[in-house]
Amino acid sequence: MLAAPGAAAAQEARSPEVVKQLTQLLDQKKLDSIATADPQNLGTYVAALYFAGSQLLVVSGKYAAPPLLNEKIGKKDYRDVYIDLSSASVAGSKMFVMDMNADGLVARPSENQGMDSFESGAKQVTFDGDWKKAKMSEAEYTKAFSEADAAYARAIDLLLTQLKASGTY
């Protein structure tokens, strides 16, 4: 039996697994935010703001004054890093994920489940399962979901590494 493209994307989604790990660690440490530099992209940072059990907001982008964010990360002022990246990242470099339910990206949410969204540059996609409303084909929607999930999972991996290495774990 062959699965529909959207179902396959949902089954292969990597973000639910890593988001679960991150939120468990944040809950254990009673943290509502975490941030780190991206070691593979100089001047790029990732930060998350966590509302336990309801939402995980993740932003990534280049920042014009890296020493400022490095200092804040060193002081564990993660919420400030999140705010700075959300409001003042270099134009065109920002990625923003709104993960409703803090459970990883879901391509086709059930009726009582919030809709996740992904924004990168000028492109924004709300994952509500209605690709026609988004003026996309099902294949385009599935591809957008897969790309968003991969980028989100990578950002979460960086945050997990920071949590484990920073002494907050």
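Read-outs: derived from the displayed coordinates by stated rules, not from any lab. Because the structure is a prediction, the values reported are computed rather than measured. Counting neighbours? That spans all protein chains shown, and the Cβs are built from the backbone with ideal geometry, glycine included.
Listed by first and then second residue, the pairs linking a residue in the range 58-78 that is without any contact (Cβ under 8 Å) to a residue 40 or more places away in the chain and under 21 Å from Asp157 (Cα atoms) to a residue that is part of a helix (DSSP H, G or I) and not aliphatic (A, V, I, L, M), with Cβ atoms under 6 Å apart and 6 or more places separating them unless they lie on different chains, are Val59/Ser86; Lys72/Asp80.
Residues of the range 121-144 that are out of contact with any strand residue (DSSP E or B) (no Cβ under 6 Å at 6 or more places or on another chain) and either in contact (Cβ under 8 Å) with a residue 40 or more places away in the chain or of a type in the set (Phe, Trp, Tyr) (or both): Gly129, Trp131, Glu138, Ala139, Tyr141, Thr142.
Just one of (1) within 27 Å of Val81 (Cα to Cα); (2) buried (at least 18 other Cβ atoms within 10 Å of the Cβ); (3) in contact with a strand residue (DSSP E or B) (Cβ under 8 Å, 6 or more places away or on another chain) fails for Ser117. It is (2).
The set of residues in the range 70-79 being at negative phi and either surrounded by 17 or more Cβ atoms within 10 Å (Cβ to Cβ) or basic (Lys, Arg) (or both) consists of Lys72, Ile73, Lys75, Tyr78, Arg79.
Test of understanding: among Lys62, Lys123, which residue is surrounded by fewer than 17 Cβ atoms within 10 Å (Cβ to Cβ) and of a type in the set (Lys, Arg)? I'd like the intermediate steps shown before the answer.
Values: Lys62 fails: surrounded by fewer than 17 Cβ atoms within 10 Å (Cβ to Cβ).
The conditions single out Lys123.
In the range 26-34 there is no residue matching the filter, namely being within 19 Å of Val125 (Cβ to Cβ) and crowded, with 17+ Cβ neighbours inside 10 Å. Of all residues in the range 99-124, those satisfying the criterion of being among the hydroxyl-bearing types (Ser, Thr, Tyr) and either touching a Ser or Thr at 6+ places or on another chain (Cβ under 8 Å) or over 13 Å from Ala144 (Cα atoms) (or both) are Ser110, Ser117. Checking the range 96-110 against the condition returns no match, with no residue being farther than 17 Å from Leu56 by Cβ, crowded, with 18+ Cβ neighbours inside 10 Å and out of contact with any helix residue (DSSP H, G or I) (no Cβ under 7 Å at 6 or more places or on another chain).
Quick check on the range 109-120. Is at least one of its residues among the hydroxyl-bearing types (Ser, Thr, Tyr), in contact (Cβ under 8 Å) with a residue 12 or more places away in the chain and under 25 Å from Lys133 (Cα atoms)?
yes
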